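Novice: Let me begin by handing over the structure; questions about it come next.
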Amino acid sequence: MRAKHQRLLFVCAGLASLGGAAAFALWALQDKVTYFYAPSDLLHAQPAGNVRLGGLVADGSVARKADGLTMEFAVTDLKAQVPVRYTGIVPDLFREGQGVIAEGQYGPDGVFVARSLLAKHDEKYMPPEVAAALKKSGEWRDPAKPAS
C-alpha cells in the first residue's frame, strides 16, 4: 500500500471514530436535555420528559393548598395558559404578573407538575426565554418604555 492510501485510510478511520464518539456523547446526554416551551408551544407539542415552561404568572391564578407547601397557578404567554402544580418553597419574588420559569413534566391531565421554580429578580429583568416567547406571541412590552 502506498503512503497516500495509508494517509487516506488513517484520516477516514479518524473521522469515523470522531463521529462515533460524538454519536455516543449525544446518546448519553439525551436524558439530560431540557427544552424550553412557552405555554402556547407546550399545548401544541405536549412533550414527554423534562421541560422548562416559561411565561408570566397569570393574574388571579395563585392558590395554595392546605398543606402549606403545594401551590397551583397558571403560566401564560398572553395567548394561552397552562395550569401548574408545585410543591416546595416558593422563591420570595414569585407573584402574579411576574416572569417565572418552571422546570418539570407536562402531565397527561394537562397540568404541568413543576419540580423547581425560578422567579425574576428585579422589575426590569425577564428571563431571555420568556422575553423571546412573548415577542414571538406579539405581546412583548419593553419594560424600559412607558406604556402609551
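Novice: Which ordering of VAL84, VAL113 is given by a fewest-first count of other beta-carbon atoms within 10 Å? Please report the intermediate quantities before stating the final value.
Specialist: Numbers: VAL84 26, VAL113 15.
Fewest-to-most ranking of VAL84, VAL113: VAL113, VAL84.
Novice: Ok, one more. Sort ASP67, ASP59 so the one with the fewest other Cβ atoms within 10 Å of its own Cβ comes first.
Specialist: ASP67, ASP59
Novice: Answer with one residue from PRO47, LEU29, ALA16: the one whose Cα lies farthest towards the positive end of the charge dipole of the chain, charges on Cβ with Lys, Arg +1 and Asp, Glu -1.
Specialist: My answer, from the dipole projection, is ALA16.
Novice: How much length, in nm to one decimal, is gained on full extension between ALA63 and LEU8, taken as 0.36 nm per residue of separation minus their Cα-Cα distance? Intermediate values should be presented prior to the final figure.
Specialist: On the way: separation 55, 0.36 × 55 = 19.80 nm, distance 6.65 nm.
Here the answer is 13.1 nm.
Novice: So which of LYS65/LYS135; LYS32/LYS136; LYS32/LYS79 end up more than 31 Å apart by C-alpha?
Specialist: Beyond 31 Å between Cα atoms: LYS65/LYS135.
Novice: Going by alpha carbons, how many degrees (0 to 90, nearest 10) lie between the helix axis of 128-137 and the longest principal axis of the chain?
Specialist: 70 degrees
Novice: Could you put THR76, THR87 in order, starting from the residue whose Cβ has the fewest other Cβ atoms within 10 Å?
Specialist: Working: THR76 22, THR87 12.
The most exposed by this proxy come first: THR87, THR76.
Novice: To the nearest 10 degrees, how steep is helix 3-29 against the longest Cα principal axis of the chain, on a 0 to 90 scale?
Specialist: Helix 3-29 sits at roughly 20 degrees to that axis.
Novice: Something else now. For the range 42-136, which GluC sites (Glu not before Pro) are both in a DSSP coil and crowded by at most 16 other Cβ atoms within 10 Å? Intermediate values should be presented prior to the final figure.
Specialist: Numbers: sites: GLU72, GLU96, GLU103, GLU123, GLU129; in loops: GLU96, GLU123.
Passing both the DSSP loop test and the Cβ count: GLU96, GLU123.
Novice: Ignoring trypsin sites (Lys or Arg not before Pro) that are buried or in helix or strand per DSSP, and keeping those with at most 16 other beta carbon atoms within 10 Å, what is the longest stretch of the chain between them? Let's see the in-between values first.
Specialist: Numbers: sites that count: ARG2, LYS32, LYS65, ARG95, LYS124, ARG141.
Maximal segment without exposed cleavage sites: 33-64.
No lab work stands behind these numbers, since they all come straight from the coordinates. Note that this is a predicted model, so its numbers are computed, not measured. Here the Cβ is made from the backbone with ideal geometry for all residues, glycine too, and neighbour counts use every protein chain on show.
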